[in-house]
């Protein structure tokens, strides 16, 4: 096998992967949703113009608005069909993972602080109180861990202590404790 044929195969595979990525569902759905919002804005604008138009212009605007409404209905039908298909797909997925949401440690910690908030306390004050309950943890280590700046800043042992402290706090408050790293 020569290098040129290998290069051609690798290039062809890269092109195929790009096409799959470009034609993926989330990208297509976001394009359709963008088209929907654009059509809705155009219809609103045409409706405003129709209010001040002469009878001849109003007839032209009505025809254009009819075409745009028909296109908008097609888009809505496509989005509805996709939503139904997604619900069917999600119903077929694993029931246990669907019932228990997975979140990040930062999200779980934010939920703990939010649940403990009373009388408009600031997040900083709540963090200070939480750190008093867990005296072996340091504010810098906790914020670095939550921000994802672990390398050369927070040891593996300290990461486990922080995770355990967040999990126990969440359990005490009755929050779901399944994280994306579980």
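Quick one: which of 73, 57 is in contact with a helix residue (DSSP H, G or I) (Cβ under 9 Å, 6 or more places away or on another chain), surrounded by 10 or more Cβ atoms within 10 Å (Cβ to Cβ), part of a helix (DSSP H, G or I) and at pLDDT 85 or above?
Selected residue: 57, the only one of 73, 57 that is in contact with a helix residue (DSSP H, G or I) (Cβ under 9 Å, 6 or more places away or on another chain), surrounded by 10 or more Cβ atoms within 10 Å (Cβ to Cβ), part of a helix (DSSP H, G or I) and at pLDDT 85 or above.
Considering the stretch 143-162 alone, what residues qualify as being surrounded by fewer than 17 Cβ atoms within 10 Å (Cβ to Cβ), in a helix (DSSP H, G or I) and under 25 Å from the mean Cα position of the chain (by Cα)?
143, 147
The values are calculated or read from the model by the stated rules, or taken from the named source; none is laboratory data. Predicted model only: the values in this text are computed from it and were never measured. Please note: Cβ atoms are built from the backbone with ideal geometry, for glycine as well, and neighbour counts cover all protein chains shown.
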